[in-house]
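Take a look at the structure below.
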Amino acid sequence: MSPKDTAGTRRGDRLGAVTPGRIAIAVVAVLLLVFIFENTRQVRIRLLIPEVTMPLYLALLATALLGAVCGWYAARRGPRRSR
């Protein structure tokens with residue numbers, strides 16, 4: 001095969017293509033930015049003993065990350081079958 005025959009099949013040619021996955025990621029990114037800008041007010045959060053003040057979106061992000069880590073750990077340590 002000559003280089004001219006394979007020129008259209010290179011991976012780099014598809015980087016500029018608009019795909020449904022890229023559209024979905026762009027929509028999620030825009031929604032995330034809207035969510036952040038709508039939730040910038042300061043909130044007081046009590047963590048057992050200390051009380052901290054932070055933007056609401058950071059508190060929600062921290063909670064989501066902790067939930068994701070707990071979910072990942074629970075899925076990883078799920079029920080084991082005995083043989």
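A few notes on this one:
- Residue count for segment 30-83, restricted to those that are outside any helix (DSSP H, G or I) and either open to solvent by less than 100 Å² (accessible area, probe 1.4 Å) or of a type outside the set (V, I, T) (or both): 23
- All positions within segment 16-28 that are loosely packed, with under 10 Cβ neighbours inside 10 Å and either small (G, A, S) or in contact (Cβ under 8 Å) with a residue 40 or more places away in the chain (or both): G16, A17, G21
The values are calculated or read from the model by the stated rules, or taken from the named source; none is laboratory data. Keep in mind that this is a model prediction, so the values were computed, not measured. No Cβ is skipped: glycine too gets one built from the backbone with ideal geometry, and neighbour counts run over all protein chains shown. Note: areas computed on protein heavy atoms with side chains; ligands, DNA, RNA excluded. Shrake-Rupley method; radii C 1.70, N 1.55, O 1.52, S 1.80 Å.
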